[in-house]
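Single-structure report; data block below.
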Amino acid sequence: MNDAATIPASFRTSGTNLKRAKTHNHRVVLEIIRTRGPIGRTEISEITSLSRQTVQNIVAELERGGIVVMHAGKASGRGHPGMKVQLKADHAFSLGFHVDRLSVTAIVCDLVGEIVWEKSAGLSAASPDAANARIIGLAEEFRASKPELSDRLFGVGLAAPGPFETVDGTPSGADATNFSEFGSKENLDRLQQALGLPVVLQNDASAAALGEHVYGIGRNFNSFAFVQFGMGLGAGLVLNGALYPGSTKNAGEIGHVCVDPVGPPCTCGNSGCLEKYLSLNALCERLALAPTSQYSVTRIEQLFDEGNEGVREWMRDVAPYMRQMISMIDMMLDPEAIILGGIIKPAFLEALLEHASPLPVPPYGANGQDDRIRIGTSGATAVALGATAAAVDALYAPQVSHLLL
């Protein structure tokens with residue numbers, strides 16, 4: 001029996017057409033300009049392997065569209081300095097939202113990630129309806145305060161704690177570690193209609209990884225894992241320069257890896273999940289703080305600064321799980337770096353690393369072994385920044401799917 005028909009189409013088994021190839025080439029050139037500009041057209045040609053004439057034609061079209069600008073490069077030696085291509089940052093703006101059960105953070109960025117507006121606000125209830133109302137309200141507030149920019153908004157990025165599209169679709173109620181029902185297709189359709197803009201969704205860890213990749217130290221690595229310490233625990237994966245979302249956009253749910261089969265039950269339906277031990281939600285339970293309170297993280301930071309023994313004891317207890325998590329990521333992905341970030345202050349994460357030392361070393365070695373585990377530089381806004389970057393990627397970045405027939 002021939003089962004070939006059941007194999008889904010992929011980049012290796014699907015052809016392309018000239019129209020889509022042209023669109024892809026435009027996106028490739030634009031991505032080079034966005035990430036490496038100002039840059040000369042000859043250099044773009046060398047990087048992309050496109051002919052100089054093709055690059056010149058694409059750049060000319062982008063310039064006519066107002067997306068890029070040309071200016072003279074710095075003179076070096078004899079001769080006229082070459083012309084450089086640079087993205088026109090204020091050509092368009094993206095609106096990003098970091099959403100959880102406690103609050104919404106909104107950020108508006110230009111095409112190079114410069115923040116032009118930001119605001120955070122709490123939720124009246126831990127529900128999609130409350131989150132939607134806050135998102136719509138913040139979008140209206142931006143449009144009212146920056147009317148000269150609002151007509152240049154091209155898309156909205158949303159980031160929330162997953163997993164999304166769960167098997168049974170059961171709302172997760174008061175569980176602070178995820179917001180699955182917010183990411184349902186029905187809810188996203190409602191938001192897109194209300195906002196009047198295209199909407200893209202990422203889980204919070206993937207968005208944080210993208211934010212760190214575009215705007216933080218992640219830009220120095222081609223492949224890395226970003227571990228997001230929220231109330232839950234997740235990882236965003238950047239592999240070969242691109243965010244890896246997974247088949248259901250839930251890749252990196254490392255918090256739901258079983259580390260103890262007879263451990264406490266988890267909301268995902270399994271037992272002994274990693275985030276039942278290593279997460280801010282677990283620490284809240286240890287300290288008798290309400291994980292659904294927007295003040296709990298602030299209180300944890302205060303206790304940490306005071307040298308609270310309860311916090312230090314928890315760090316000592318979870319150190320084996322920290323080492324286990326890092327080892328799993330190393331063995332599965334072989335990344336250049338593992339970056340830690342989240343909604344808690346960097347000093348807290350640094351202390352977690354110290355308690356987990358010595359960290360496991362991959363048996364095959366690693367370049368830059370002493371500093372392969374890093375603390376992210378995008379800070380608490382990494383998720384919202386990543387949400388804006390997700391919107392930019394959806395519109396501008398080259399994607400294999402755009403080449404498939």
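The values are calculated or read from the model by the stated rules, or taken from the named source; none is laboratory data. Just so we're clear, the structure is a prediction, and the values are computed from it rather than from any experiment. Cβ coordinates were reconstructed from backbone atoms using ideal geometry, including for glycine residues, and neighbour counts include every protein chain displayed.
Against the definition (in contact with a Cys (Cβ under 6 Å, 6 or more places away or on another chain), modelled with pLDDT of 95 or more and either surrounded by fewer than 18 Cβ atoms within 10 Å (Cβ to Cβ) or assigned by TED's automatic domain parsing to the domain that holds residue 333 (or both)), how does residue 284 come out, yes or no?
Working: in contact with a Cys (Cβ under 6 Å, 6 or more places away or on another chain): no; modelled with pLDDT of 95 or more: yes; either surrounded by fewer than 18 Cβ atoms within 10 Å (Cβ to Cβ) or assigned by TED's automatic domain parsing to the domain that holds residue 333 (or both): yes.
Spelling it out, it is not the case that residue 284 is in contact with a Cys (Cβ under 6 Å, 6 or more places away or on another chain), modelled with pLDDT of 95 or more and either surrounded by fewer than 18 Cβ atoms within 10 Å (Cβ to Cβ) or assigned by TED's automatic domain parsing to the domain that holds residue 333 (or both).
Residues being at pLDDT 85 or above and either assigned to a strand (DSSP E or B) or surrounded by 15 or more Cβ atoms within 10 Å (Cβ to Cβ) (or both): count how many of those fall in segment 112-126. Within segment 112-126, residues that are at pLDDT 85 or above and either assigned to a strand (DSSP E or B) or surrounded by 15 or more Cβ atoms within 10 Å (Cβ to Cβ) (or both) number 9.
Listed conditions (1) under 26 Å from the mean Cα position of the chain (by Cα); (2) within 21 Å of residue 326 (Cβ to Cβ); (3) among the charged types (D, E, K, R); (4) part of a loop (DSSP other than H, G, I, E, B) are all met by residue 260, apart from (1). On the stretch given as segment 237-278, residues that are in contact with a Pro (Cβ under 7 Å, 6 or more places away or on another chain) and surrounded by fewer than 17 Cβ atoms within 10 Å (Cβ to Cβ) total 2.
Scan segment 214-231 residue by residue and report those that are small (Gly, Ala, Ser), more than 13 Å from the chain's Cα centre (by Cα) and modelled with pLDDT of 90 or more.
Pass one, segment 214-231, residues small (Gly, Ala, Ser): 216, 218, 223, 225, 230.
Now restrict to residues that are more than 13 Å from the chain's Cα centre (by Cα): 223, 230.
Matches in segment 214-231: 223 only.
State which residue pairs qualify: first residue in contact (Cβ under 8 Å) with a residue 40 or more places away in the chain and inside segment 243-262, second residue in a helix (DSSP H, G or I) and acidic (Asp, Glu) in any location, beta carbons under 6 Å apart, and separation of 6 or more residues or different chains. Here the result reads 255/275, each pair linking segment 243-262 to a residue that is in a helix (DSSP H, G or I) and acidic (Asp, Glu). Could you say whether any residue in segment 47-63 is in contact with a strand residue (DSSP E or B) (Cβ under 8 Å, 6 or more places away or on another chain), of a type in the set (S, T, N, Q), modelled with pLDDT of 85 or more and farther than 30 Å from residue 127 by Cα? So far as segment 47-63 goes, no, none of its residues is in contact with a strand residue (DSSP E or B) (Cβ under 8 Å, 6 or more places away or on another chain), of a type in the set (S, T, N, Q), modelled with pLDDT of 85 or more and farther than 30 Å from residue 127 by Cα.
The lone criterion from (1) farther than 23 Å from residue 292 by Cα; (2) not in a loop (DSSP other than H, G, I, E, B) left unmet by residue 255 is number (1). Filter segment 339-381 for residues that are modelled with pLDDT of 85 or more, closer than 30 Å to residue 95 by Cβ and either among the small types (Gly, Ala, Ser) or not in a helix (DSSP H, G or I) (or both) and give the result. Matches in segment 339-381: 339, 340, 341, 342, 343, 344, 345, 374, 375, 376. Any residue at all in segment 1-23 that's in a loop (DSSP other than H, G, I, E, B) and either at pLDDT 90 or above or under 29 Å from residue 90 (Cα atoms) (or both)? No.
Checked against (1) of a type in the set (A, V, I, L, M, F, W, C); (2) over 29 Å from residue 195 (Cβ atoms); (3) touching a strand residue (DSSP E or B) at 6+ places or on another chain (Cβ under 7 Å), residue 121 passes all but condition (2). Only a single item in (1) within 22 Å of residue 122 (Cα to Cα); (2) part of a helix (DSSP H, G or I); (3) in contact (Cβ under 8 Å) with a residue 40 or more places away in the chain is not met by residue 321, and it is number (1).
Looking only at segment 304-331, residues that are under 25 Å from the mean Cα position of the chain (by Cα) and either under 19 Å from residue 218 (Cα atoms) or surrounded by 13 or more Cβ atoms within 10 Å (Cβ to Cβ) (or both) come to 10 in all.
Checking each residue in segment 137-166 for being closer than 27 Å to residue 342 by Cα, under 24 Å from the mean Cα position of the chain (by Cα) and either modelled with pLDDT under 80 or assigned to a helix (DSSP H, G or I) (or both) picks out 137, 138, 139, 142, 162, 163, 164, 165, 166.
Residue by residue through segment 268-300, note down the ones that are part of a loop (DSSP other than H, G, I, E, B) and out of contact with any strand residue (DSSP E or B) (no Cβ under 8 Å at 6 or more places or on another chain).
So the first thing to find is which residues in segment 268-300 are part of a loop (DSSP other than H, G, I, E, B), and the list is 268-270, 272, 277-279, 288-295.
If the condition is that a residue be part of a loop (DSSP other than H, G, I, E, B) and out of contact with any strand residue (DSSP E or B) (no Cβ under 8 Å at 6 or more places or on another chain), then 268, 269, 277, 288, 289, 290, 291, 292, 293, 295 are the ones that fit.
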